[in-house]
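Since the structure comes first, as structure tokens, the remarks are kept for the end.
The values are calculated or read from the model by the stated rules, or taken from the named source; none is laboratory data. Source: prediction; values computed, not measured. FYI the Cβ positions are ideal-geometry reconstructions off the backbone, even for glycines, and counts take in every protein chain you see. Ligands, DNA and RNA are excluded from the accessible area calculation, which covers all protein heavy atoms including side chains. Shrake-Rupley method; radii C 1.70, N 1.55, O 1.52, S 1.80 Å.
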Amino acid sequence: MRDHFPEFRLGKVLATSFTATLTERQGEAVERIPTPQRLVDWLAVYGLDVDSCSLAQLDLARELRESIHAVATAAASREPLPASAVRIINDRSVQGRAAAVLTPEGERRWRLGPDACVEDALSVIAADAIDVVAGERDGKLALCASPTCRAAFFDASQSRTRRWCDMNTCGNRQKKARFHAGRRGGGGPA
């Protein structure tokens, strides 16, 4: 029988989607890559296929994830970037072997070689984080307004005023809470 794992929270930005493999950081944290195989599965969703992952490589991935989260949170809050987290991101970025390729639709994708390892995939994620934090994309880093989440996400909306990392989870949860609070208060829907 296969263990039941929480669904992945997928997004369009690789680096911030990777940080979303740990959610509800300010509440009851939900680990979405609890096992090495689960990391392999997540990487495959993003086209970063690797054959296997060791516990040590899972630890490297989690260290990178937390470093990206720390740097993205600082950038979104307009605070100095934590030096140790920047060092980890930079170290992971230069340690892998990956190539950028152009799709027929004119989009960049990353390709790992046939003997790719987790470190190669992590280098792509680190490079993506560098692009996002350095402002190489049209959008901005923001923090989820949910008090239990506070995830860093990349806001590419036209107005750059998104409040939630994911409308289907954090946004809906907050809207439901406001609705129920308004009903309990005797007033109509808020």
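Couple of notes before you dig in:
- Centre-to-centre, using Cα atoms only, the stretch 135-161 and the stretch 78-98 are separated by 20 Å.
- The chain: C-alpha gyration tensor shape, a/c 1.5 cut-off, then a/b vs b/c: prolate
- Positive end of the dipole of the chain (Cβ unit charges, origin at the Cα centre): among Ala76, Ala145, Ser123, the Cα lying farthest that way belongs to Ala145.
- With all protein chains in place and a 1.4 Å probe, the accessible surface of the chain carries 51 percent carbon and sulfur.
- With Cα atoms, 0 to 90° folded angle of helix 83-95 axis to the chain main axis: 40
- Helices in the chain, meaning DSSP H runs of at least 4 residues, each add -39500 (n - 2.57). Divided by all residues, the mean residue ellipticity at 222 nm is -13500 deg cm²/dmol.
- Value of relative contact order over the stretch 111-157, rounded to a whole percent, pairs C-alpha under 8 Å and six or more apart: 25
- Cα shape, the stretch 4-48, gyration tensor, a/c 1.5 rule: oblate
- Per residue accessible area of the chain, 1.4 Å probe, in Å²: 56
- Full extension of the chain between Ser52 and Ala29 yields a length gain of 5.7 nm, computed as 0.36 nm times the residue separation minus the alpha carbon distance.
- Within the chain, Cys53, Cys117, Cys170 have no other Cys Cβ under 4.7 Å of their Cβ and so lack a disulfide-compatible partner by this rule.
- Per-pair calculated FRET efficiency, R0 = 35 Å: Arg184 and Leu102 via Cβ, rounded to 0.05: 0.05
- Between helix 36-45 and the chain: long-axis angle, C-alpha atoms, 0 to 90°, nearest 10: 80
- By definition, a body whose alpha carbon gyration tensor gives a ≥ b ≥ c is oblate when a/c is 1.5 or more and a/b is not larger than b/c, and the stretch 78-138 fits this oblate description.
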